[in-house]
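J.: Handing you a structure now.
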Amino acid sequence: MALRPTRWLLWLVFCLTLPLPYFVIESGRIPAVQLLLFSALTAPLIFTDPGLTTNVIGVLFTVQTLLYGALLYVAARVVAARLPPARRGAMLCGIAVALALLALTDVYVAPLSRGSGPTNWLGLWP
Amino acid sequence: MRVLTGALVTALLAVAGLAATAAAAPERAACALRDPLRRPYFGDLHVHTALSLDASTQGTRTMPADAYRFARGERLGVQPYDADGKPTRHLQLSRPLDFAAVTDHAELFGELTICQSPDLPGYNALPCIIYRHFPRLAFFIANSQVTNSPAPTRFSYCGPDGAACRAAARTPWRVVREAAEAFYDRSSACRFTTFIGYEWTGAPGSDNLHRNVLFASEQVPELPLSYVDEPRIDRFLARLQRECRAAGERCDVLTIPHNSNLSDGQMFTTVDPNGGPLRAETARLRHAGEPLVEVMQHKGDSECRLGPETTDERCGFEKLPYQNFQAIYVPMTAEPAPEASFVRWALKTGLAERQRLGVNPFQYGLIASTDTHISAPGAVRPDTFVGQGGAGEPPDQPSGGLPDAIEFNPGGLAVLWAEENSRPSLFAAMRRREAYGTSGPRLVVRVFGGWDLPGDLCGQPDFAARGYAGGVPMGGELPPRPPAQATGPTFAIWALRDPAGDPPVPLARVQVIKGWIADGAAHERVFDVAGGETGAGVDAASCAPTGRGFDDLCTVWRDPEFDPAQPAFYYVRVLQNPSCRWSAYACNARGVDCADPASVPPALIACCDTRYPRTVQERAWTSPIWYTPEAAG
């Protein structure tokens, strides 16, 4: 597999699975994809229903989404570069499976979607 | 959320048949039990159901009718719900209440209805999508937009001028009214009384100014007047009276402030909404419209605080470690609540304001209630507490933790001395402040104040008759001092332990708290007037009370420091022997051993937080009796 698609696929896997600490009123650990969803839901409210806290929530989600998106891209780039070219596909699959298995354990804390207790990836989506 | 919508529709259908009768309510039968010397009736005047956004977003699905059924003694299923929509926990009162009022937050009635009704425009608006899929997020957004904003606004999906949300608010308001009408016992049995009510939920800058609004009869305004409609307290009180008068001649209304402990000193401010010192007009509105204050509930005690102004060590009871709502979520802003957040400060300040303005803006009688957010009025037992879910805290047990935030408590009860269990009689008791609050136990407390009450009143069968004949009950004002009176006023006080307490705990002592103004400054003093140190305790492992106490306490007490030139108030506090706090029961049941910290799971670490005692002294607070020097009257 070529380096560029490996990098982007790796980034996608990271965004989908890695539990990332965030803070928006209540802190938790969720994947970047859920941060993106929260940004998409709350950022438009800054324009349609502005209010101090609403604006803060929308901005915090958006900033953290962009930040993690960039950080995960850098991480994916570093990791992809270190994969042996001949085994990139297999190793990418291995990483994806490992992270998917990790995501099925209670590594997330999602107070805004699940409550205060730990949960797995499936529990992130009410 | 579909289940919640279904519950709303079911409730509407269930009460639909009552709509016609509500408009022309028949006169009620005379109560078979009517005591001109009055009896104590126990109830809860602060109850939230799924119609409140903050209850709904934490999984509450029960409606006003469910709350009233529960108050009457029926079983209530509460969250969490299983995959089939069945509640996994159940509650039941061992003793039904005599009265209750559902007081859902009025501010988002319409918004919530739209978000739950696919046929209404606005259902697919972004805030509604957030509400249906991420209710906790919706809780923060809606509160910041509406109830916690100094300039509350409606969501854009409410349409121009909020018309769509105001129209949609008629549905839940009808549910509230019709449930209250359906469960009010108009038969001669007079077993249960309801009041139509709601909560005005203003907390500008997250400083709590919340008030419960209670109506005397079925005649009420077409829509509740919410914080969004009228955010300024003086205008709100004035407009509420106007709208009530317009609703019909039987409409009467009062408001009950609560959680002054979370107001950061703003609930009893002496700054007028127009700026400058409080004006007489504003003081009159508060005096006339707010005869009672909720001194204690699920989110803490608001009587007094331990601080430089008092040596009253019993002010440490059920204190929250923060001063307003914001500090809950932004702990770095937390600080102890100021003295002005507490009712005792308000009572003292009211004396001074009366001297200045001729009217006391803070002439409050005292009650307590639960502020349940799971439709469970009167669920105050500490040993079976499942959480009340206040302030948006989910009352489920997601990770084997405590059923509620450690700083919260089950809440208390309101007690009204009334001739009978009917709306007119109970409402009149609220108006004249012949009321008291308890932190849960059903203590019976009776107080009369007069200039020369007989010293032998205790134990007399005509205690009440002579008390009324020679004085005024709790909540009253002492009559003018007789010209020949050389001594201070006397107070006849009788307290009875909860005869069927959960658990049974004897009384420890009775105290009189006096506040007065001298040389332009406010003073206070606590007098122990009956009972005393009993040496009683609690067995830490079983929570069984140990030691002795009193089944009842009675005294006729005369103020030994009375100065006829000083305005004063006197209220009574009755303390039980120590008993386990709810958290001690919960932590014991979960096998927590704080002596071995390594064995305590993270979810239960709060059990070992030394800021929260394992035992408390449950109590009752009566409404004050006021004395005003004649020249100041």
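The values are calculated or read from the model by the stated rules, or taken from the named source; none is laboratory data. Note that the structure is a prediction, hence the values are computed from the model and not measured. No Cβ is skipped: glycine too gets one built from the backbone with ideal geometry, and neighbour counts run over all protein chains shown.
J.: Provide a single number: the residues in segment B:604-628 that are in contact (Cβ under 8 Å) with a residue 40 or more places away in the chain and farther than 27 Å from residue B:445 by Cα. Walk me through how you get there before you give the answer.
T.: Step one: filter segment B:604-628 for residues in contact (Cβ under 8 Å) with a residue 40 or more places away in the chain, giving B:604, B:606-607, B:609, B:611-612, B:614-628.
Among the residues that remain, those that are also farther than 27 Å from residue B:445 by Cα are: B:604, B:606-607, B:609, B:611-612.
Within segment B:604-628, residues that are in contact (Cβ under 8 Å) with a residue 40 or more places away in the chain and farther than 27 Å from residue B:445 by Cα number 6.
J.: Step by step: first the residues of segment A:65-74, then only those that are under 12 Å from the mean Cα position of the chain (by Cα) and of a type outside the set (Gly, Ala, Ser), then the one that is nearest to the other protein chains (Cβ to nearest Cβ). Which residue is that?
T.: Taking the candidates together, the pick is A:65.
J.: Give, as residue ranges, the strands (runs of 3 or more DSSP E) completely inside segment B:443-529 that count at least 2 residues that are modelled with pLDDT under 95 and in the same structural domain as residue B:343 (by TED's automatic domain parsing).
T.: Fully inside segment B:443-529 and qualifying: nothing.
J.: Scan segment B:501-525 residue by residue and report those that are more than 24 Å from the chain's Cα centre (by Cα) and among the aliphatic types (A, V, I, L, M).
T.: Passing the criteria: B:508, B:517, B:518, B:521, B:522.
J.: Right, here's the next one. Among the helices (runs of 4 or more DSSP H) contained in segment B:259-364, which hold 3 or more residues that are hydrophobic (A, V, I, L, M, F, W, C), more than 20 Å from residue B:437 (Cβ to Cβ) and not assigned by TED's automatic domain parsing to the domain that holds residue B:526?
T.: B:280-289, B:343-357
J.: Moving on to the next point. Since residue B:188 meets every condition but one in (1) of a type in the set (Ser, Thr, Tyr); (2) crowded, with 19+ Cβ neighbours inside 10 Å; (3) closer than 30 Å to residue B:30 by Cβ, which condition does it not meet?
T.: Of the numbered conditions (1) of a type in the set (Ser, Thr, Tyr); (2) crowded, with 19+ Cβ neighbours inside 10 Å; (3) closer than 30 Å to residue B:30 by Cβ, the odd one out for residue B:188 is (2).
J.: Give the residues of segment B:485-544 that are among the small types (Gly, Ala, Ser) and in contact with a Lys or Arg (Cβ under 6 Å, 6 or more places away or on another chain), sorted by residue number.
T.: B:488, B:515, B:522, B:531, B:532
J.: Among the numbered criteria (1) assigned to a loop (DSSP other than H, G, I, E, B); (2) at pLDDT 95 or above, which one does residue B:543 miss?
T.: Going through (1) assigned to a loop (DSSP other than H, G, I, E, B); (2) at pLDDT 95 or above one by one, residue B:543 breaks only (2).
J.: Out of curiosity, is residue B:222 charged (D, E, K, R), over 27 Å from residue B:300 (Cα atoms), buried (at least 20 other Cβ atoms within 10 Å of the Cβ) and modelled with pLDDT of 95 or more?
T.: Working: charged (D, E, K, R): yes; over 27 Å from residue B:300 (Cα atoms): yes; buried (at least 20 other Cβ atoms within 10 Å of the Cβ): no; modelled with pLDDT of 95 or more: yes.
Here the answer is no, as residue B:222 does not meet what is asked.
J.: Every residue in segment B:80-115 that is outside any helix (DSSP H, G or I) and closer than 30 Å to residue B:228 by Cα, please. Write out each step before concluding.
T.: Taking segment B:80-115 as the starting set, the residues that turn out to be outside any helix (DSSP H, G or I) are B:80-108.
Those that are outside any helix (DSSP H, G or I) and closer than 30 Å to residue B:228 by Cα: B:99, B:100, B:101, B:102, B:103, B:104, B:105, B:106, B:107, B:108.
J.: Which residue out of A:25, A:46, A:30, A:95 is under 28 Å from residue B:401 (Cα atoms) and either surrounded by fewer than 21 Cβ atoms within 10 Å (Cβ to Cβ) or hydroxyl-bearing (Ser, Thr, Tyr) (or both)? Outline the logic, then answer.
T.: On the way: A:46 fails: under 28 Å from residue B:401 (Cα atoms); A:30 fails: either surrounded by fewer than 21 Cβ atoms within 10 Å (Cβ to Cβ) or hydroxyl-bearing (Ser, Thr, Tyr) (or both); A:95 fails: under 28 Å from residue B:401 (Cα atoms).
Every option except A:25 fails the conditions.
J.: Follow-up question, since we're still on this one. Give segment B:191-215 a look and list any residue that's surrounded by fewer than 23 Cβ atoms within 10 Å (Cβ to Cβ) and among the aromatic types (Phe, Trp, Tyr), or say none.
T.: B:192
J.: State which residue pairs qualify: first residue without any contact (Cβ under 8 Å) to a residue 12 or more places away in the chain and surrounded by 12 or more Cβ atoms within 10 Å (Cβ to Cβ) and inside segment B:542-568, second residue of a type in the set (S, T, N, Q) and assigned to a loop (DSSP other than H, G, I, E, B) in any location, beta carbons under 9 Å apart, and separation of 6 or more residues or different chains.
T.: B:546/B:577
J.: Could you list all residues from segment B:137-157 that are of a type in the set (Phe, Trp, Tyr) and not in a helix (DSSP H, G or I)?
T.: B:155
J.: Taking into account only those residues within segment B:261-282 that are buried (at least 17 other Cβ atoms within 10 Å of the Cβ) and in contact with an Asp or Glu (Cβ under 6 Å, 6 or more places away or on another chain), which is farthest from residue B:241 (Cα to Cα)?
T.: My answer is B:264.
J.: Moving to a separate point now. Would you check which residues across segment B:406-422 are surrounded by fewer than 24 Cβ atoms within 10 Å (Cβ to Cβ) and either within 17 Å of residue B:33 (Cβ to Cβ) or aliphatic (A, V, I, L, M) (or both) and list them? Talk me through it step by step, then tell me what you get.
T.: So the first thing to find is which residues in segment B:406-422 are surrounded by fewer than 24 Cβ atoms within 10 Å (Cβ to Cβ), and the list is B:406-407, B:419-422.
Hits for segment B:406-422 are B:406, B:419, B:420, B:421, B:422.
J.: Then there is this: Considering each residue of segment B:208-263, count those that are in contact (Cβ under 8 Å) with a residue 40 or more places away in the chain, of a type in the set (D, E, K, R) and over 25 Å from residue B:183 (Cα atoms), and give that number.
T.: The number of residues fulfilling the criteria is 2.
J.: Next question, about the same structure. Could you list, in sequence order, the residues of segment A:24-64 that are in contact with a strand residue (DSSP E or B) (Cβ under 8 Å, 6 or more places away or on another chain), more than 9 Å from chain B (Cβ to nearest Cβ) and among the aliphatic types (A, V, I, L, M)?
T.: The answer is A:30, A:32, A:35, A:60.
J.: Output yes when any residue across segment B:174-185 is in the same structural domain as residue B:418 (by TED's automatic domain parsing), assigned to a loop (DSSP other than H, G, I, E, B) and either in contact with a Pro (Cβ under 7 Å, 6 or more places away or on another chain) or not aliphatic (A, V, I, L, M) (or both), and no when none is.
T.: Looking for residues that are in the same structural domain as residue B:418 (by TED's automatic domain parsing), assigned to a loop (DSSP other than H, G, I, E, B) and either in contact with a Pro (Cβ under 7 Å, 6 or more places away or on another chain) or not aliphatic (A, V, I, L, M) (or both), one finds at least one in segment B:174-185, hence yes.
J.: Only residues that are buried (at least 21 other Cβ atoms within 10 Å of the Cβ) and at the interface with chain A (Cβ under 9 Å from one of its Cβ atoms): list them for segment B:126-138, please.
T.: B:127, B:130, B:134, B:135, B:136, B:137, listed by residue number.
J.: Then there is this: Identify, from the list B:188, B:206, the residue that is more than 11 Å from chain A (Cβ to nearest Cβ), of a type in the set (Ser, Thr, Tyr) and more than 18 Å from residue B:106 (Cβ to Cβ). Even if it seems obvious, please write down each step before you answer.
T.: Values: B:206 fails: more than 11 Å from chain A (Cβ to nearest Cβ).
That would be B:188, the only listed residue that is more than 11 Å from chain A (Cβ to nearest Cβ), of a type in the set (Ser, Thr, Tyr) and more than 18 Å from residue B:106 (Cβ to Cβ).
J.: Could you list, in sequence order, the residues of segment B:35-57 that are crowded, with 16+ Cβ neighbours inside 10 Å and touching an Asp or Glu at 6+ places or on another chain (Cβ under 7 Å)?
T.: Once the filter is applied, which keeps residues that are crowded, with 16+ Cβ neighbours inside 10 Å and touching an Asp or Glu at 6+ places or on another chain (Cβ under 7 Å), segment B:35-57 yields B:38, B:41, B:42, B:43, B:46, B:48, B:49, B:51, B:52.
J.: Here are A:114, A:82, A:87: which of them is in contact (Cβ under 8 Å) with a residue 12 or more places away in the chain and charged (D, E, K, R)?
T.: A:114
J.: Kindly indicate whether any position in segment A:66-74 is surrounded by 15 or more Cβ atoms within 10 Å (Cβ to Cβ) and in contact (Cβ under 8 Å) with a residue 60 or more places away in the chain.
T.: Scanning segment A:66-74, I find at least one residue that is surrounded by 15 or more Cβ atoms within 10 Å (Cβ to Cβ) and in contact (Cβ under 8 Å) with a residue 60 or more places away in the chain, so the answer is yes.
J.: Right, something else. Spot the failing condition for residue A:60; the list is (1) under 26 Å from residue B:147 (Cα atoms); (2) surrounded by 15 or more Cβ atoms within 10 Å (Cβ to Cβ); (3) at pLDDT below 95, and only one is missed.
T.: For residue A:60, the failing item is (3).
J.: Taking only segment B:145-167 into account, find how many residues are among the small types (Gly, Ala, Ser), crowded, with 21+ Cβ neighbours inside 10 Å and facing chain A (nearest Cβ under 7 Å). Spell out the reasoning first.
T.: Looking only at segment B:145-167, we keep the residues that are among the small types (Gly, Ala, Ser), and these are B:149, B:151, B:156, B:159, B:162-164, B:167.
So of that shortlist, the ones also crowded, with 21+ Cβ neighbours inside 10 Å come out as B:149, B:164.
If we keep only those that are facing chain A (nearest Cβ under 7 Å) too, we end up with B:149.
Residues in segment B:145-167 being among the small types (Gly, Ala, Ser), crowded, with 21+ Cβ neighbours inside 10 Å and facing chain A (nearest Cβ under 7 Å): 1 in total.
J.: Is it the case, given these coordinates, that residue A:101 is loosely packed, with under 12 Cβ neighbours inside 10 Å, at pLDDT 95 or above and part of a helix (DSSP H, G or I)?
T.: For residue A:101, the condition - loosely packed, with under 12 Cβ neighbours inside 10 Å, at pLDDT 95 or above and part of a helix (DSSP H, G or I) - is met.
J.: Here's another thing I want to ask about it. Only one of these conditions is not met by residue B:118: (1) assigned by TED's automatic domain parsing to the domain that holds residue B:210; (2) part of a loop (DSSP other than H, G, I, E, B). Which number is it?
T.: (1)
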